[in-house]
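Have a look at the structure below, then the notes.
The values are calculated or read from the model by the stated rules, or taken from the named source; none is laboratory data. From a predicted model like this one, the values you see are computed outputs, not experimental measurements. Here Cβ is always computed from backbone atoms with ideal geometry, including for glycine, and neighbour counts include all displayed protein chains. Note: areas computed on protein heavy atoms with side chains; ligands, DNA, RNA excluded. Shrake-Rupley method; radii C 1.70, N 1.55, O 1.52, S 1.80 Å.
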Amino acid sequence: MKFSKILSIAWESLTQRKLRTSLTTLGVVIGITAIISLASLGEGFRLEIKERMQQGFELDVLIVIPGSFAAALREPFTSPEVNNIRNVTGVKLVAPLITLPQADLYNETNEKVNALTVAAVNFSEITQMLSERFVPMEGKIPGPEENDTIVLGYKTCFWNETTPLVRVGDNITMQIEGYSINKTLRVAAILGKSGTSGITNFDYWAFIPADTATQLMRREVYNIILVKVSDPEQSEHVANAIEDVFENPYSISILVPIAFMRQVDRILNLVQIFLVAIASISLLVAGIGIMNIMTVSVMERTREIGILKAIGAKSRTVLAMFLTEAVLVGIVGGLIGIITGYGLSYALAYVLSSFIQPQQQDTVFQAPETQRMTLNPVFSPEWTIIAFVFAIIVCIIFGLYPARKAAKLDPVEALRYE
Amino acid sequence: MATFLEVRDVKKSYRMGKFLVPALRGVSFDVETGEFLSIFGPSGSGKSTLLHLMGGLDRPDEGEIIVDGSNILKLNDDKLAELRLIKIGFVFQFFNLLPRLTALRNVELPLTIAGVPEKESLKRAEKMLRLVGLEDRMNHRPSELSGGEQQRVAIARALISNPKIVLGDEPTGNLDTKTGWEIVQLMKKLNEEKKQTFVVVTHDPHIAEAANRIVHLKDGLIAGIEEAPKGR
Ligand SMILES: Nc1ncnc2c1ncn2[C@@H]1O[C@H](COP(=O)(O)OP(=O)(O)O)[C@@H](O)[C@H]1O
Ligand SMILES: [Mg+2]
């Protein structure tokens, strides 16, 4: 028998039992809808998290700090150590930072200017290192000879969002407890809003030139070293090479953002697979429904099958007819399921997005505007194809038993069946 | 005349729970090419069983059945199906048409199974329906046809692949006497015109009379073979 004929017979047989066929197909539709929407929302969620993380971290910047869980806190880094790091292959740029503990800032009217961290940096290095973040909103970043200056993070200056505590050109007094330091600095620039929440959110920081700091503290040591790598994918290798620069590699810690991100991505991937696996159960239930209904159908059509075999249909022709019916249910159910799955994904994304908006809070750690989570379904052709093929495979597997039952019917017995 | 089908000492019993019910207890006879043979006997004498075996729908427990030179015991299921498709046409007491298909589609079915292109198969099915006098009932479903008309459709279906032998199991058993007689005449006419072999099972003596030969069956055994009662 020609396949085209088997196909048209199977199609007719399905369309002649409309209610039964639609209910069987509905099972597949629900299964595929669940898979598609969970997969696409999972993917959307994953990409959103990834994007957030990329904004929070410069993926090509490693952060080297002294001390680790494995070793007691060690001394800050020395200039020779910083220079050794500069020579490591794969390192593009190095910017050491000095953090000044207990530094308090006051403006000209003696109001306190709140900075979470005051850091001393080489301005030309840091602007090269973080060219997209370290951008002034007002004023300009001090040149190499401009000592006794200060650059303020956005929030440090605009503490209450409206009126600035200081303006470019104003003087700021810096006091450091325990060092009896009382230094006047000129405000050279105010940084723009960083728009991230990660390690390079400088909104609450203030920066002074490294030379000014070393003069004040009378020593040249660094608490944080930022290392820009030429190829982010090679981050782990470069990090290992940097560890080898130190006598005791366990005495330092290196934050490798891309490794962290890969790990998070892996976890989210697992979560997504887990979600889809749960959704797949509904497709299996649909498969059992197909088996159930097809078994009934084979019993009802016993006589018909007997006639077909009596007039010369082979067992495998009968098998093909019933399997084709099952596959058609899978194809139609799968296609409809893909469409409804896409629809449901958008609907769910819309509803879920309104739930995950952060509450407005008046805290230091208030999320910047761009931090709003948006959940958009992301449809990958892979998932769509996998879901579709899965629907058909489930239909074949569960259709096989009743189809074989039909194919194995003894024609004489089948003709006697009333 | 050449022998088309041989039945050699055929035995067949059915299992009914613990018991074996013998349906055929050693039956032998030949069917000659082109003849119109009738198998006559009371209900339960094993006529249907014999006909099913002759048509390759089932296999004997013992003995041999040779159809057109091939022993059906030596054919696998697929080969048997092929034999039924190409060489044998069945006509049943209860017509056994597919209720969802029109007369035309029912007649076409064996050709569809054989993979004949639709254009040709439809043409041949139409021709066949015309031959059995149903040219104006082609697109009716079985439920819209009378018993006699349904049996004509079944005959047309049996003949569509131009089989060498047509096997009828009480083809008139479900029809009134007049219609039954018409069906027998139709088969007789086809037998004469197309030189196809006919074996018709019946327990109606009037039908049996139309045959060249009558095999009398009783309790699974041949009670006698009667040569053309009225001659021909
Ligand atoms: N499938 C079957 N299972 C059990 N017994 C059967 C079966 N088919 C036929 N028989 C028995 O075999 C005997 C012959 O049956 P059958 O060939 O149908 O006779 P006929 O067609 O002459 O009425 C009967 O006793 C019948 O009950
Ligand atoms: Mg019978």
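So the values come out like this:
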item: Listed residues B:Val153, B:Val27, B:Val201, most fluctuating in chain B (Gaussian network, C-alpha, under 10 Å); result: B:Val27
item: For chain A, accessible area per residue (1.4 Å probe, heavy atoms of protein chains only), Å²; result: 50 Å²
item: Beta bridge orientation in the protein assembly as shown: antiparallel %, DSSP, nearest 5; result: 70 percent
item: Probe 1.4 Å - accessible area at B:Ile214, Å² to nearest ten; result: 10 Å²
item: Contact order normalised by residue count of chain A, Cα under 8 Å, 6+ apart, percent; result: 30 percent
item: Net dipole in debye of segment A:61-230 [+1 Lys, Arg Cβ; -1 Asp, Glu Cβ; about Cα centre; nearest 20]; result: 380 debye
item: Shielding by other protein chains, B:72-81, mean Cβ within 10 Å; result: 3
item: Among A:Phe322, B:Leu75, A:Thr21 the positive-end extreme of the charge dipole of the protein assembly as shown (Cβ point charges); result: B:Leu75
item: From the C-alpha gyration tensor of segment A:61-230, square roots of 5λ in Å; result: 26, 19, 15
item: For residues of B:45-55, the mean tally of beta carbons on other chains within 10 Å; result: 1
item: Summed buried accessible surface, chains B and A, 1.4 Å probe, nearest 100 Å²; result: 2300 Å²
item: Residue (of A:Ile65, A:Asn122, A:Val151) at the positive-pole extreme of segment A:61-230, dipole from beta-carbon charges; result: A:Ile65
item: 222 nm mean residue ellipticity, helices alone, for chain B (DSSP H n ≥ 4; -39,500 (n - 2.57); rounded to 500); result: -10500 deg cm²/dmol
item: Whole-percent pair-distance distribution, where bins are 20 Å wide, for the alpha carbons of the protein assembly as shown; result: 15, 28, 16, 13, 14, 11, 2, 0
item: Long-range Cα-Cα pairs in chain B (distance over 29 Å), rounded percent; result: 26 percent
item: Residue of B:Glu120, B:Glu35, B:Glu149 that the Gaussian network model of chain B assigns the largest fluctuation, springs spanning Cα pairs under 10 Å; result: B:Glu120
item: Alpha carbon centroid spacing (whole Å) that separates segment B:19-35 from segment B:155-226; result: 16 Å
item: Calculated from backbone phi, Karplus (6.51, -1.76, 1.60) coupling profile of segment A:325-336 in Hz, x at Gly/Pro; result: 4, 4, 5, 4, 4, x, 5, 5, x, x, 5, 5
item: Computed over segment A:97-155, Kirkwood Rh from alpha-carbon pairs, angstrom; result: 12.9 Å
